[in-house]
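Okay, so here's the structure we're looking at.
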Amino acid sequence: MKVRPLNDRVLIKRLEEEEKTKGGIIIPDTAKEKPAEGKVMAVGPGKRNDKGETIAPQVKVGDRVLFSKYGGTDIKLEGEDYLIMREDDILGIVE
């Protein structure tokens, strides 16, 4: 199934968080937080300004991004968990 986000929305797949800390402590599933980092899977064409012109998005497919923990909407496609959010909710691109 292919998904094409509309306007300035972005489809993101969360990246899994580490099972261990740098010190070697194993983190149980109950103590893990939702990761706030993901990979961009699809990008909409961009949002429109007051003149009706489309403003191209700054992120592209394949970018690793940081986003707010509680931003976006969780969706499930073909058994995989994804997040769809506005580009404004993305905090930065990891290079």
Task: Spacing of the two label points (7 Å from each Cα toward its C-beta) at Tyr70 and Ile93, in nm - done: 2.9 nm
- [ ] Using a Förster distance of 25 angstrom, determine the FRET efficiency expected from the C-beta separation of Lys2 and Glu37, and round it to 0.05.
- [x] 0.55
Task: Projected label distance in nm at Glu53 and Leu77, using a 7 Å step from Cα toward the beta-carbon - done: 3.0 nm
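Every number here is computed from the coordinates shown, using simple stated rules; none is lab data. These figures come from a predicted structure and were not determined experimentally. Quick reminder, even Gly has a Cβ in these numbers, built from the backbone with ideal geometry, and neighbours come from all protein chains shown.
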